[in-house]
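Heads up, the thing below is written out as structure tokens.
The values are calculated or read from the model by the stated rules, or taken from the named source; none is laboratory data. This structure is a prediction, so every number in the text was calculated from the model and none was measured. For neighbour counting, all protein chains shown are included, and Cβ atoms are generated from backbone atoms with ideal geometry for every residue, glycine included. Calculation scope for accessible area: heavy atoms of the full protein, side chains included, ligands and nucleic acids excluded. Shrake-Rupley method; radii C 1.70, N 1.55, O 1.52, S 1.80 Å.
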Amino acid sequence: MAEVRVLEQIRVAPAAPTPSAAELPITFFDAAWLFTGPVERLFFYRHPDPRSALPLLASSLPHALRRFFPLAGTLSLAAGHRFAYAHGGSLAFVLAESSPDEDDFDSLVATGPRDLRKMRALVPGLPPPREDGAFEVAAVQATVFPGRGLCLGVSVHHAACDDASATLFVRTWAAACRLGGLDGADAPPEPVLDRSLVADPDDLLGKTLAGMRMLASGPPPPPPAQETEMPAPVIASFPLARDQIDGIKDAAAEPGTQQRPSSFVAASALAWVCLLRSHSVGVHGAARSHMLFSAECRSRLAPPLPAEYFGNCLRPCFVEAATAELTNGGGVAAAAAAIGSAIREMERGVLEGAEGWLGKVLSVLPQRPMSVGGSPRHSVYEGADFGWGRPCRVEMVSIEKTPGTVSLAEGPDGEGGVEVGVVLPPDAMESFASCFRHIVRLSGKSV
């Protein structure tokens, strides 16, 4: 396994002008993520001279941070739970190099199962909290593979923002690098930092924080029982070409209406069924199976928030279905119907029951639900061209931290496909892959 050597650790501050000091309050959408961790994503690029990219990345990052200066600040859990940015605030940027193993880069960007341990050294860790408890919310790392390519790692704490905001930050940095600045018409739109746009007349923030304090004051949960030591997990990518995802949609269309599910619903349904059949989610013998995913709320609020609103604007969506319906023939169609029904129910009242979301999530976790990170709508491939082309592989490696989670992204070729990312032990991955291939072959028939 190739080793990673740190070349330099630098601090990058936003380019002027930035506020001399600024604070952003958290909202009830942010509060639910305070005690989670960062979303970690790796962007791999083929590049004949990757070292030449490092100065360009370092010189363009300040321009992106000028728009996203809260990412160069800290989040304090005291004094009203606020993001604080002061003049001189900066973000950690690690420059690193992999040992010259010609096969290592190609093995990391393959779609088949890869040793996740090889990727962990490419992920930037957030610095430890300060003595006052405040912590930094973002870090980046660029690792060169001499003569082969480059990996850009981005870690953003989920309490700072959701994936829509984090990927806008990456698109902005990429544009600043590719275009030489952000003054032209081709630059991405600026983030909207006004947290007052999120109305909270029912004090959902206070109720959420109170519920989290009660949870923190209780005894720690018992460790999960493990009879044997688990093998090291592997990560794999499962691409679905446009015609394949269309076939899944056609087969999963609701009877009588021929209303096809979205790419998100179809891919999630396929992954849910394959995880169940590989015994990677759910409880053995349970009559019901569960799924969780975060639904985007910006356009669903009244009034809606701008698409560029910076922060979290997600709510949990709960899906439940009979296990037998999911694991027998027609399981993908049954899963898609259950997911679609949950979305329609959520859209009838996007904030309905918000004070109980945390408790409901905790009540479902013992059922080992499947969950989903990312979305094909976030354009992690199309929007991450820093001047040397699209990434050849993008991985959300933080899904490892939550068993049963899959990642979704658009297809690398930009032709309307979908990519499913999974982290599982090797045996379970083999079972998942077999199920996935079998169902894709059945596309257009009963799935």
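For the reader, a short list of remarks on this structure follows.
- Taking amide H atoms as placed 1.01 Å from N in the peptide plane, the amide H of ARG82 lies under 5 Å from those of SER76, each 5 or more residues away in sequence or on another chain.
- Annotation: extensible slack from ARG11 through SER379 equals 129.7 nm (criterion: 0.36 nm per residue apart, minus Cα-Cα distance).
- Note on ALA302 and GLU430: the model spin-label points, each 7 Å out from Cα along the C-beta direction, lie 5.4 nm apart.
- Counted by Cβ distance under 15 Å from ARG298, the other residues give a net charge of -3, where Lys and Arg count +1 and Asp and Glu count -1.
- Each other residue within a Cβ distance under 14 Å of VAL39 adds +1 if Lys or Arg and -1 if Asp or Glu, for a net charge of -4.
- Based on protein heavy atoms only, the chain ends up with 45 Å² per residue of surface accessible to a 1.4 Å probe.
- Three-way shape label, the stretch 352-418, alpha-carbon gyration tensor, a/c 1.5: prolate
- Radius 9 Å from Cβ of ASN312, net charge of other residues (Lys, Arg +1; Asp, Glu -1): -2
- Restricting attention to the chain, the count of lysine pairs at 8 or more positions apart or across chains with alpha carbons under 29 Å apart stands at 5.
- Normalised by the number of residues in the chain, the average gap of Cα pairs under 8 Å and 6 or more apart makes the relative contact order 21 percent.
- Of the residues THR172, THR111, THR208, ranked by 1.4 Å probe accessible area with the largest first, the sequence reads THR111, THR208, THR172.
- Length available on full extension from LEU365 to ASP101: 0.36 nm per residue minus the Cα-Cα distance, which gives 90.9 nm.
- What a 1.4 Å probe finds exposed on the chain is 54% carbon and sulfur by accessible area, rounded to a whole percent.
- For the stretch 262-406, the square roots a ≥ b ≥ c of the C-alpha gyration tensor eigenvalues yield an a/c of 1.5 or more together with a/b not exceeding b/c, which makes the shape oblate.
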